[in-house]
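The values are calculated or read from the model by the stated rules, or taken from the named source; none is laboratory data. Keep in mind it's a predicted model, so treat the numbers as computed, not measured. A quick note on method: Cβ atoms are made from the backbone with ideal geometry, for glycine too, and the neighbour counts reach across all protein chains shown. Quick note on the areas: whole protein, heavy atoms, side chains included, nothing else; ligands and nucleic acids left out. Shrake-Rupley method; radii C 1.70, N 1.55, O 1.52, S 1.80 Å.
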Amino acid sequence: MRQYPGGACEGRRPMNVRTRLGEGEPVFQRAVEALLTWEMHREMGVGIEADAERAAPGVDVTVTLAGMIKAPCRVVWTLEERRRAGWAYGTLPGHPESGEEAFVVDRTGDGTVWLTVHAFSRPAKWYAKAGGPAARAFQHAYARRCGAVLRRLSGGDEED
């Protein structure tokens, strides 16, 4: 997994949101599949257009929010290990933000399954800049929603 000095690149805000999905290998496997095949994002109600059915480096993905805001990005890395799997994208021109975002599912030694959304970004479009703290709050809410949706898709814990 890429590491960023100090958690982010200069001028970009870091974000880390971690959500407990449940416990056990079946929850882990379902979560990984839903994450790597875009199912989590589709179930969130956003539009997804991807060059491939599964996340892989170099795959271009466009997320559409509210049918109006297009967020083009490119997968920059993936990982599939025994206890950890995920992918990250870098934003492309036209995305409201400039930066990277990673979605990683991991299963700890006690069997607990987690989704962590890591990001570093700065506003790129006028409306993201104008949104200020509200745009930042939206980014955090989106990451929390990813966890809630993936928890449901993986058959993990009930909502807290």
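Table for the structure above
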item: Residue in the range 77-86 that is farthest from the chain's Cα centre (by Cα), counting only those that are open to solvent by less than 40 Å² (accessible area, probe 1.4 Å) and under 16 Å from Q29 (Cβ atoms); result: L79
item: Residue within the range 115-131 that is assigned to a helix (DSSP H, G or I), open to solvent by less than 20 Å² (accessible area, probe 1.4 Å) and without any contact (Cβ under 8 Å) to a residue 60 or more places away in the chain present; result: yes
item: Selection count, the range 137-160, where residues are open to solvent by less than 70 Å² (accessible area, probe 1.4 Å) and modelled with pLDDT under 80; result: 2
item: Residue list for the range 58-76, filter: open to solvent by 30 Å² or more (accessible area, probe 1.4 Å) and either out of contact with any Lys or Arg (no Cβ under 9 Å at 6 or more places or on another chain) or within 21 Å of Q139 (Cα to Cα) (or both); result: D60, T62, L65, A66, G67, M68, I69, K70, R74, V76
item: Per-region count, the range 16-57, residues in contact (Cβ under 8 Å) with a residue 24 or more places away in the chain, open to solvent by less than 80 Å² (accessible area, probe 1.4 Å), touching a helix residue (DSSP H, G or I) at 6+ places or on another chain (Cβ under 6 Å) and not small (G, A, S); result: 6
item: Residue within the range 90-103 that is modelled with pLDDT of 90 or more, part of a strand (DSSP E or B) and open to solvent by 40 Å² or more (accessible area, probe 1.4 Å) present; result: no
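Rundown of residues vs (1) part of a strand (DSSP E or B); (2) touching an Asp or Glu at 6+ places or on another chain (Cβ under 9 Å); (3) modelled with pLDDT under 90, yes/no style:
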site: L35; (1), (2), (3): no, no, no
site: H41; (1), (2), (3): no, no, no
site: L79; (1), (2), (3): yes, no, no
site: A85; (1), (2), (3): yes, yes, no
